[in-house]
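> Mind having a look at this structure? Questions to follow.
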Amino acid sequence: MSSLGSVLQHLKSGKPIAYPTEGVWGLGCDPENQDAIENLLRLKARSHEKGLILIGSKFEHFLNFSYVEDYKDKLLSKWPGPHTWLVPSKSNLCPLIRGNNDKVALRLSNHQIVCNLCDAFGGPVVSTSANKEGQPTLSGPDEILEYFPEVKVLNGKLGGLEKPSTIQDVVTDIILR
């Protein structure tokens, strides 16, 4: 496993990282680097149509990517924490993050390792479960490095949640997961 500094360097150079979240190990990359996003989708064998989550440590991290200001009170009723909201996205958001949707999945985390990562990076990070599409989520750094040797794994522990975060549409209130 790697230190925050070496993981941050990997992230900034457009390479994939792995990190512990509230409930599962995540894979991520720079949300403003299309090559990095394409590589992450390729690694996971994930469809471009599904979209990805952006995870951040500050509400402000999402301002450039979505219309969070329009829904601030509602979003903050469940944030920070393991709740992912689907929020109308701005047109400058990479379509690979949005997938076939007009919304972007956002989570304002209170997991200290995620917060340290996003604070040091200066913005949100793409977040998707550490697994190949359709396979169980990998249980830790050793498995992650076995399946994804090109990934830098951030030192740390999961937050104790026993499942991935809830995903809810901020406009319709429909819970998708």
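Each value in this text was obtained by applying a stated rule to the coordinates, not by laboratory testing. These numbers come from a predicted model, not from an experiment. Heads up, the Cβs are rebuilt from the backbone with ideal geometry, glycines too, and the neighbour counts pull from every protein chain shown.
> Project the alpha carbons of the range 74-146 onto their principal axes and report the range along each, largest first, in whole Å.
37, 29, 23
> Of Lys58/Lys157; Lys72/Lys132; Lys74/Lys157; Lys90/Lys157; Lys90/Lys163, which sit over 31 Å apart, Cα to Cα?
Result: Lys72/Lys132; Lys90/Lys157 exceed 31 Å.
> Can you compute the modelled spin-label distance between Ser3 and Asp173, with each label point 7 Å from Cα toward Cβ, in nm?
Placing both labels 7 Å along Cα→Cβ, they lie 4.9 nm apart.
> Residue by residue, what Karplus-based ³J(HN,Hα) values in Hz, rounded to whole numbers, does the range 71-82 have, using 6.51, -1.76 and 1.60 with θ = phi - 60° and x for Gly and Pro?
Using θ = phi - 60°, the values come out as 10, 3, 4, 5, 4, 6, 5, 10, 10, x, x, x Hz.
> Explain nothing, just compute: Karplus ³J(HN,Hα) = 6.51 cos²θ - 1.76 cosθ + 1.60, θ = phi - 60°, for every residue of the range 171-176 in order, whole Hz, x for Gly and Pro.
Taking θ as phi minus 60°, the curve returns 7, 9, 6, 5, 8, 9 Hz for the range 171-176.
> Please state the charge dipole magnitude for the chain, taken about the Cα centre, from unit charges on C-beta atoms (+1 on K and R, -1 on D and E), reported in debye and rounded to the nearest 20.
80 debye
> Give the dimensionless ratio obtained when the Cα radius of gyration of the chain is divided by 2.2 N^0.38 Å.
Normalised Rg, Cα atoms only: 0.93.
> Output ³J(HN,Hα) for the range 14-26: one whole-Hz value per residue in order, computed from phi by the Karplus curve 6.51 cos²θ - 1.76 cosθ + 1.60 with θ = phi - 60°, and x for Gly and Pro.
Each residue's phi maps through the Karplus curve to give x, 9, x, 10, 10, 7, x, 10, 4, x, 9, 6, x Hz.
> Return the ratio Rg/(2.2 N^0.38 Å) for the range 128-177, where Rg is computed over Cα atoms only.
1.44
> At 7 Å along the Cα-to-beta-carbon direction for both Asp102 and Thr166, put a label point, then send me their distance in nm to one decimal.
Label-label distance for Asp102 and Thr166, simple model: 2.5 nm.
> Another question about this same structure. If you count the DSSP beta bridges with both ends in the chain, what percent of them are antiparallel, to the nearest 5? Display every interim value, and only then the final one.
Details: 15 of 26 bridges.
In the chain, approximately 60 percent of DSSP beta bridges are antiparallel ones.
> Return the whole-Å distance between the Cα centroid of the range 107-177 and the Cα centroid of the range 3-73.
So the two Cα centres are separated by 9 Å.
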